[in-house]
Amino acid sequence: MNNLQNFTKGLIKENPVLVLLLGLCPTLGVTTSAINGLGMGLATTFVLVMSNLVVSLIKNLIPDKVRIPSFIVIIASFVTIVELLMQAYLPALFEQLGLFIPLIVVNCIVLGRAEAFASKNNTLSSLLDGLGMGLGFAFALTLLGAVRELLGSGALFSIKLIPGDLMLVFVLAPGAFIALGYLIALSRKLNK
Amino acid sequence: MEYIIIIISAIFINNIVLAQFLGICPFVGVSNKLSTAAGMGGAVLFVMTIATIVTWLIQTYLLEALGIQFLQTIVFILVIASLVQMVEIILKKVSPSLYSALGVFLPLITTNCAILGVAILTIQKNFNLLEGVTFAVGNALGFSLALVVFAGIREHLDIMEVPEGMRGVPIALVVAGILALAFMGFTGLV
């Protein structure tokens, strides 16, 4: 597989959320608006790229038996870095995303890519794989956030487009499940 | 009274799956059959309670005592991962019958974000140990309730005529949304 494919496969064809159905907790939890979705997506992308990079660099040094715990420590370190950076420079977004920032550690996408891809491939393709998967995740979250924000409050990226109250339920918990259900169905239709 | 409020609010009002979106992966993944859903619920109850006790003790007597709270994420996930392993080994030795009932679900629990989520929430809410345990048990019961109800509905969904693109996960998510809508009726109960 060439490098371009490593990068693009995560965006649409193997989109982690819409096709592989991984990392659904943050997908549903933070997407009350497009900007929150984008923020969470980019934070996860950073962790994914860095952990893929480090794992692919030291894959030959890690004994096979303790590889999963080692991956978890690497991922948790980068999550802590993101946590501290966001707390310092983006306190408002950090407040909004709340619990889901430390929970990037248990996002199945990150550990999944480390185990399935970075531990078997070279550094450059692991880097591109992480970037593609991360941006695919960010894309899905932003899309879901945009749909929910538009249907729920008639705004997009906090810019009010439709006046008046709309279907508030889409900003609340039930709307997250329903909107994601239809988005997955739509992506299946388009991918065929 | 305080403890009853914590339990009721964790099970119904702030249901961990349907209102807080934690533990969605097992919620979607192992809710095809009622019996597996119940098994998963039991395993989560077991691990969540122990994990909350251990992480609370570590936070209070190690991280806070030494002033290294920023290591919380790394320490907690490692503790939970090793705890799950330990529970698996002990259970295998002490109670083989319980192990065969919960065994297959235990490895899955490490990456169940509900466990880490509840451990962190317990710290964030400044609960004492007993409140923390109550909170963990309440959340685990809420998780089991959502999982079992959802599995019951999905067993019926299997024999329904669903449009082709909606089959499987999409229709399950829409159903979960309706279930979440029903749970919103509990808002304001306490």
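What the table below lists for this structure:
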item: Part-to-part distance (alpha-carbon centres) for segment A:31-104 and segment A:147-192, which is given in Å; result: 26
item: Within a Gaussian network of chain B (alpha carbon springs, distance under 10 Å), most fluctuating of B:I77, B:I115, B:I89; result: B:I89
item: Net charge dipole size for chain A [Lys, Arg +1 and Asp, Glu -1 on Cβ; Debye, nearest 20]; result: 560
item: Ranking of A:Y89, B:Y99, B:Y3 by count of other Cβ atoms within 10 Å, fewest first; result: A:Y89, B:Y3, B:Y99
item: Rel. contact order, % - alpha carbon contacts under 8 angstrom, at least six apart, chain A; result: 38
item: Taking the convex hull of Cα positions in segment B:2-180, its mean projected area over all directions (nm²); result: 11.2
item: Geometric extent, Cα atoms of the protein assembly as shown - Rg, Dmax (angstrom); result: 20.3, 64
item: Residue order, fewest to most surrounding Cβ atoms within 10 angstrom, among B:C113, A:C25, B:C25; result: B:C25, A:C25, B:C113
item: Cα-based radius of gyration of segment A:23-191 once divided by 2.2 N^0.38 Å, which approximates compact folds; result: 1.12
item: Separation in nanometres of the label points that stand 7 Å from Cα toward Cβ, at B:L66 and A:I159; result: 5.0
item: Straight-distance crosslink candidates among lysines, where the alpha carbon sits under 27 Å from A:K65 and sequence neighbours closer than 8 are dropped; result: A:K120, B:K92, B:K93
item: Most positive-pole-ward Cα, A:V147, A:L103, A:I58, against dipole of chain A from beta carbon charges; result: A:I58
item: Order of B:I5, B:I11, A:I75 - criterion: other Cβ atoms within 10 Å of each residue's Cβ, fewest first; result: B:I5, B:I11, A:I75
item: The protein assembly as shown: calculated mean residue ellipticity at 222 nm from DSSP helix runs of at least 4, using -39500 (n - 2.57); result: -21500 deg cm²/dmol
item: Most to least packed among A:172-179, A:160-167 [average Cβ atoms within 10 Å]; result: A:172-179, A:160-167
item: Rg(Cα) / (2.2 N^0.38 Å) computed for segment A:136-192, rounded to two decimals; result: 1.17
item: Label-to-label distance, nm, for residues given as B:Q124 and B:E161 (7 Å Cα→Cβ offset); result: 4.6
item: Cα-based Rg / Dmax (Å) for segment B:83-190; result: 17.7, 50
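All of the numbers you see were taken from the coordinates with simple rules; none came from a lab. The structure presented is a predicted model; accordingly, all values stated were derived computationally and were not measured. Positions of Cβ are generated from backbone atoms using ideal geometry, with glycine treated the same way; all protein chains shown enter the neighbour counts.
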